[in-house]
Each structure stands twice: as C-alpha cells, then as structure tokens.
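The structure under discussion appears below in the form of structure tokens.
Please treat every number below as a calculation from the coordinates, not as lab data. Not measured: the values here are computed from a predicted model. Every residue, glycine among them, receives a Cβ derived from its backbone with ideal geometry; neighbour counts consider all protein chains shown.
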C-alpha cells in the first residue's frame with residue numbers, strides 16, 4: 001500500500017518557509033545593528049584622528065570647509081547605516097507577522113481537516129453498517145426457505 005501523504009504538507013511547507021525568512025531577516029537586522037555600532041565607534045575614533053592631524057596647523061578657509069565636509073560625510077555614513085537597521089527591523093516585523101499568519105492558517109486547516117476526517121469516518125461507518133445490513137438481508141433470503149416450497 002502506498003504511503004499516504006500528510007494532507008496539510010503544503011501549508012506546513014509554507015509555514016517553514018516563512019519561519020526561515022523571518023530568521024534570515026532577524027540575522028540581517030542583527031548584522032546591520034552590529035555594523036552600525038562598529039561604525040559609530042570607528043567614526044568617533046576617525047574624528048579624533050582627523051582633529052589631531054589638523055591641531056596646531058594653519059588651514060585656509062577652503063581646507064577648513066573640506067575638513068568639515070569630510071566630518072559631515074562620516075555623519076551621513078552613520079545615518080545611512082541607521083536607516084538600514086530600521087529597514088531590517090521592519091522586515092523582521094513583517095516576517096514575524098507572516099509567520100504568525102501561517103501558523104493561524106495551519107491551525108485552521110488542521111481543524112477543518114479534522115472535521116472533514118471525522119465526517120468521513122462517520123460516513124464510512126454508516127456505509128459499512130448499511131452494507132452489512134444488506135448482506136444480512138441477502139443471507140436471510142437464502143437461509144429462509146420460501147413459504148411456497150413449504151406448502152408443496
């Protein structure tokens with residue numbers, strides 16, 4: 001006899017897929033958060049190095065403007081990383097919602113399948129009893145001599 005497939009395997013596969021996607025989104029968010037922290041530390045150290053490099057030096061207004069622009073670029077880099085972290089957090093939230101929805105769908109499908117299987121079992125039992133009753137009636141017809149043969 002062929003092995004029967006689990007009727008909710010497709011829903012279960014979707015649930016596993018969504019759980020994997022949520023885990024991947026979480027790992028991405030964690031990596032981006034760590035990158036942001038490393039960048040913040042590096043930025044602070046880099047600013048200190050740059051200030052130390054120009055300390056005591058005479059700079060033209062253009063060089064000061066370039067220096068300030070380079071510091072602004074560092075701040076922009078931090079802001080970009082901060083936005084990447086926020087986007088990753090939003091992806092995690094969306095994936096968690098998808099997993100939750102998939103879990104609810106699987107639970108509902110299991111309940112519905114259980115109802116159908118229960119109905120099928122009741123129907124099969126009823127059909128079996130009806131078949132047995134018909135077989136008993138046929139057996140009685142053959143086992144009981146007809147009255148016409150008794151009168152003869």
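Rounded to whole Å, the principal axis extents of the Cα atoms in the chain read 141, 23, 17, largest first. Exposure proxy shown here: for 27, 32, the number of other Cβ atoms within 10 Å sets the order, fewest to most, as 27, 32. Counted residue by residue at 0.36 nm each, then reduced by the alpha carbon distance between them, the extension gain from residue 121 to residue 75 reaches 9.7 nm. Each label was represented as a point 7 Å from its Cα along the Cα-to-Cβ direction; for residue 108 and residue 86 these points are 3.4 nm apart. Can you tell me which of 49, 31, 104 moves the most in a GNM of the chain? Springs connect C-alpha atoms under 10 Å apart. With Cα springs under 10 Å in the chain, the top fluctuation among 49, 31, 104 is at 49. Rg over Rh for the range 39-94 works out to 1.20, both radii taken from alpha-carbon positions and Rh defined as the Kirkwood radius.
If you run the Gaussian network model on the chain, springs between alpha carbon atoms under 10 Å, then out of 72, 56, 101 the most flexible one is 56. Normalised by the number of residues in the chain, what is the relative contact order in percent for Cα pairs under 8 Å and 6+ residues apart? In percent, rounded to a whole number, it is 44.
Highest mobility in the GNM of the chain, judged by mean-square fluctuation with C-alpha springs under 10 Å and restricted to 98, 114, 25, is found for 114.
For the chain, the 222 nm mean residue ellipticity estimated from helices alone, with every DSSP H stretch of n ≥ 4 adding -39500 (n - 2.57) and the total spread over all residues, rounds to -33000 deg cm²/dmol.
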